[in-house]
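Taking it in order: structure first as structure tokens, then the write-up.
Values in this text are rule-based calculations from the coordinates and carry no lab data. Since the structure is predicted, the reported quantities are computational estimates derived from the model, not experimental observations.
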Amino acid sequence: MKTLKRLTITCLFVLFASTNSIAQELSVTKTESSSININELPEYVIVTSENTKLFGGINIEIDYKKSSYADVLERLETLLQNRKKLRVRNQTDLLNALSKLGFEYINAYNANAGTISAGGGDDIEIFGGESKYRVNMVFRKKEQYRG
């Protein structure tokens with residue numbers, strides 16, 4: 001009976017240790033993939049945000065294709081889009097998140113605005129419409145992070 005008890009306790013310990021080890025490994029991988037080193041980022045970053053009325057919040061994009069900073073800009077975009085980490089749900093949240101990451105706001109301009117609506121005849125009556133606004137925000141590294 002004592003041998004069976006020891007074996008059970010040993011098995012439980014090994015199971016717990018291996019589960020804990022796997023969980024730590026996943027946690028480290030997840031943290032490493034979303035961590036951003038401000039020194040790797042370019043001096044200026046343009047972030048495009050678009051209001052999404054379906055669930056509330058915004059869609060965030062950074063144009064990183066063919067950039068020499070593509071890898072780190074893609075990681076920054078992923079981090080900003082992750083609603084659990086930085087909790088960016090609107091442009092105010094976006095401004096504050098980038099400030100915490102080491103950037104200062106410089107300027108903003110409209111990327112485009114599209115309107116979808118329906119109407120007809122000489123008396124054009126709009127009976128349904130929805131607008132989506134895309135805004136480009138320009139950020140620059142704060143003074144202490146510039147190289």
Using 0.36 nm per residue, how much length does the chain from Glu143 to Thr52 gain when fully extended, once their Cα-Cα distance is taken away? 29.5 nm
In order through the stretch 86-98: 3J(HN,Hα) via Karplus (6.51 cos²θ - 1.76 cosθ + 1.60), integer Hz, x for Gly, Pro: 9, 6, 7, 10, 7, 5, 4, 4, 4, 4, 5, 5, 5
